[in-house]
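In what follows, a structure is listed as C-alpha cells, so that the remarks can point back to it.
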Amino acid sequence: MAAATDPEPLSPDQLQLWQSLGRLVHSLPRALEDDMSRTGVTMTEFAVLLLLSSAPDRRMRMSALADAAGLTPSRITRVVDGLGRHGLVRKERHGQDGRGNDAVLTDAGLHTMRAAQPSHLASARHRVLDRIPEALLPALAETLTHLADALSEGNRPDRDSN
C-alpha cells in the first residue's frame with residue numbers, strides 16, 4: 001500500500017466512482033428526507049422504527065440498534081429519546097445484565113412505521129432502486145453491505161453503556 005503522503009493516482013473509472021459517490025452521499029439524504037417529510041418521521045427515525053419492527057419482541061439493545069442504523073451511541077440515544085417523547089419507542093433496562101438499555105417499539109410506533117412505509121418504499125424505488133439495472137443489484141448490494149460493515153467495524157467503541 002502506498003504511503004499516505006504519496007497516494008497512487010486513481011484510474012479514470014475509480015475517479016468517476018469516487019466523485020459520484022461523494023455527490024450521492026451528500027444529495028441522497030436530502031432527497032430522501034424531502035420525500036419522508038410528509039410522513040411525520042425523518043429517514044433516521046423511520047430506519048430505527050423499521051429495525052425495531054423486525055427485531056425479536058420489537059426490542060433491541062441500544063448498542064446493537066446504533067450499529068444496525070449506522071449511528072453513534074449519542075445519536076441513537078437522541079433519536080430514541082425523541083421517538084420516546086411521541087410514545088413510539090420506550091427505553092428499558094436490559095433484562096439480563098442491567099448495564100445497558102433496550103429500545104422497545106410500542107404499538108403506536110409500529111403503526112407509525114407502517115403508515116410511513118409506503119412513502120419510504122416509493123422514495124427508495126424512485127430515487128435509487130428503479131435506476132439500477134436488475135442484473136447489477138446482487139453484486140451492488142453485496143458490495144455496499146461489505147463497505148458499510150467495514151466502516152461499522154472500524155468505528156466500534158464499547159457501546160454497552162447506552
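Annotations
- The numbered conditions (1) without any contact (Cβ under 8 Å) to a residue 60 or more places away in the chain; (2) in contact with a helix residue (DSSP H, G or I) (Cβ under 8 Å, 6 or more places away or on another chain); (3) of a type in the set (A, V, I, L, M) are all true for Val128 except (1).
- Looking only at segment 130-148, and only at residues there that are in a helix (DSSP H, G or I) and open to solvent by less than 80 Å² (accessible area, probe 1.4 Å), the one that is nearest to Arg30 (Cα to Cα): Ala148
- The listed residue being under 18 Å from the mean Cα position of the chain (by Cα) and at pLDDT 95 or above, out of Arg90, Arg78, Arg131: Arg78
- Of the residues making up segment 83-117, those that are assigned to a helix (DSSP H, G or I) and open to solvent by less than 80 Å² (accessible area, probe 1.4 Å) are Leu83, Gly84, Ala108, Gly109, Leu110, Thr112, Met113, Ala115, Ala116, Gln117.
- In summary, helices (runs of 4 or more DSSP H) completely within segment 1-82 and bearing 1 or more residues that are aliphatic (A, V, I, L, M), in contact with a strand residue (DSSP E or B) (Cβ under 8 Å, 6 or more places away or on another chain) and open to solvent by 50 Å² or more (accessible area, probe 1.4 Å) occur at 62-69.
- Some residue of segment 4-13 being of a type in the set (Ser, Thr, Tyr) and farther than 30 Å from Gly82 by Cβ: yes
The values are calculated or read from the model by the stated rules, or taken from the named source; none is laboratory data. In this text the structure is predicted, and so the values were computed from the model without any measurement. Note that we place each Cβ from the backbone using ideal geometry, even for glycine, and neighbour counts take in every protein chain shown. Areas reflect the complete protein model, heavy atoms only, side chains present, ligands, DNA and RNA absent. Shrake-Rupley method; radii C 1.70, N 1.55, O 1.52, S 1.80 Å.
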